[in-house]
Each structure stands twice: as C-alpha cells, then as structure tokens.
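Asker: First, the structure itself, so that you have it in front of you.
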C-alpha cells in the first residue's frame, strides 16, 4: 500500500516536470517570434536575413562598379591629332615622352600625369586610351587640351580609319566639344586635375 502511494506520487511528479518542460519550450519558441505549433519558422526567418545580406552585398558591389566607371574627372575640350614616331614625317618631334612607342590609343596632354587612363567621346563614338606624350604645345593656350592619335581622331570624326598614320583622310583639323573622362590617374610625371596649358 505504501509502495503504491510512492509510485503514484512519483508518476504525478514526473508528469508535472514534463509538462513544465513542454511549457518552457513553447515559451522559448514564442520568444523567437515563432508560433508554438511551427517550431521551424525561425529557420526561414534566418534564411530571409541571409538573402537580405546577399542583396545588400550585391548593391554595395554594384555601387563600387558604378563608381569605377564614373571616373575621377570629366569635362570637354577641343582636340587635335598627331602621330609622333620619331620618323621626322610631317615634322614630328620624336618618340613620345613616356618612352612608349607611338600607337593607337596614345594621347598627348599638356599637364596630366603620364599613363593616365582616359576615355574620349564625340557624337556617340568613344575610345579609351592613355596619356603617353606631352602636347599640344601652343594650341593648349587656346583651349586645345588633348592631342589624339590619328586613329582615335578619325574614329571620333566618322567611325572610319585614317588614310595613313600621319593623315586622318578628312579636312577636319580640330574637334570641338570632345568629352573626356579620366578613368584613373597615372603615376608618371604631370599634375592631376583640370588640364593646364603646356609650359
């Protein structure tokens, strides 16, 4: 009789303890924002948070890419053309000041640092090149702040190729309103910022 009373008491005590544990578990689950009958709901919320972080990272990365394409300086100027390869043709002054050989996409600036990367645009046509020489000389005092290689100049004029390295094949000598975008400054000699006349 006494043993039966003890067994009954232990059963009641165990049942009460188990019930208390279940209630505590439901309370903890509810504190996490999930209904007691949906114990997996917090995991879905966690995935949504991760997705949000991914979207935030993607937006941040896209913003960085946009910043890179914007460049560090933009403006417009009048541009002339040249091809100085040291041959003496048309009175050229010799090899480019940067020490790099004359080539397509090599521009001359009166002041920007050598090896500055520049994108030039005119009437919907664009070419990306680099500053590899100094010039134009005296014309820079009249607002001609870029000397473009013959190939780039002709491409901006009408999208075609020049008659030769030294002759664009057109009667156009200057292009007014050429837009420039400095994509990155070079580490060579020169000054960053708005172009300044030579000398």
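The values are calculated or read from the model by the stated rules, or taken from the named source; none is laboratory data. As the structure is a prediction and not an experimental result, all values here were calculated from the model. Ideal geometry is used to build each Cβ from the backbone, glycine not excepted, and the neighbour counts take in all protein chains shown.
Asker: Of everything in the range 121-163 that's assigned to a strand (DSSP E or B) and touching a helix residue (DSSP H, G or I) at 6+ places or on another chain (Cβ under 7 Å), which residue is surrounded by the fewest Cβ atoms within 10 Å (Cβ to Cβ)? Walk me through how you get there before you give the answer.
Answerer: Step one: of the range 121-163, the residues assigned to a strand (DSSP E or B) are 121-122, 125-134, 144-149.
Subset that is touching a helix residue (DSSP H, G or I) at 6+ places or on another chain (Cβ under 7 Å): 122, 125, 127, 129.
On the way: 122: 20, 125: 13, 127: 19, 129: 20.
Across the range 121-163, the extreme among qualifying residues is 125.
Asker: Give the range 164-178 a look and list any residue that's exposed (fewer than 14 other Cβ atoms within 10 Å of the Cβ) and not in a loop (DSSP other than H, G, I, E, B), or say none.
Answerer: 164, 176, 177 - these are the residues of the range 164-178 that are exposed (fewer than 14 other Cβ atoms within 10 Å of the Cβ) and not in a loop (DSSP other than H, G, I, E, B).
Asker: Could you please find all residues in the range 73-120 being modelled with pLDDT of 95 or more, under 19 Å from residue 159 (Cα atoms) and buried (at least 17 other Cβ atoms within 10 Å of the Cβ)?
Answerer: Matches in the range 73-120: 78, 79, 80, 81, 106, 107, 118, 120.
Asker: In contact with a strand residue (DSSP E or B) (Cβ under 8 Å, 6 or more places away or on another chain), over 24 Å from residue 71 (Cα atoms) and in contact (Cβ under 8 Å) with a residue 24 or more places away in the chain - does that describe any residue in the range 163-170? Give the steps one after another, and end with the answer.
Answerer: If we filter the range 163-170 for residues that are in contact with a strand residue (DSSP E or B) (Cβ under 8 Å, 6 or more places away or on another chain), which is where we start, we get 168.
This time we only want the ones that are over 24 Å from residue 71 (Cα atoms), so: 168.
Now narrow it down to the ones that are in contact (Cβ under 8 Å) with a residue 24 or more places away in the chain: 168.
The answer is yes; a qualifying residue exists.
Per-residue answers, yes or no, for (1) under 21 Å from residue 97 (Cα atoms); (2) outside the structural domain of residue 105 (by TED's automatic domain parsing); (3) at pLDDT below 95:
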{"position": "123", "(1), (2), (3)": "no, no, no"}
{"position": "139", "(1), (2), (3)": "yes, no, no"}
{"position": "145", "(1), (2), (3)": "yes, no, no"}
{"position": "149", "(1), (2), (3)": "yes, no, no"}
{"position": "158", "(1), (2), (3)": "no, no, no"}
{"position": "162", "(1), (2), (3)": "no, no, no"}
{"position": "166", "(1), (2), (3)": "yes, no, yes"}
{"position": "195", "(1), (2), (3)": "yes, yes, no"}
{"position": "198", "(1), (2), (3)": "yes, yes, yes"}
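Asker: Could you tell me whether the range 103-111 includes any residue that is closer than 16 Å to residue 75 by Cβ, touching a helix residue (DSSP H, G or I) at 6+ places or on another chain (Cβ under 6 Å) and assigned to a loop (DSSP other than H, G, I, E, B)?
Answerer: The first filter runs over the range 103-111 and keeps only residues closer than 16 Å to residue 75 by Cβ, leaving 107, 109-111.
Then keep just the ones that are touching a helix residue (DSSP H, G or I) at 6+ places or on another chain (Cβ under 6 Å); that gives 110.
If we keep only those that are assigned to a loop (DSSP other than H, G, I, E, B) too, we end up with 110.
Yes, that holds for at least one residue.
Asker: Does residue 96 count as assigned to a loop (DSSP other than H, G, I, E, B) and more than 17 Å from residue 176 (Cα to Cα)?
Answerer: Yes, satisfied.
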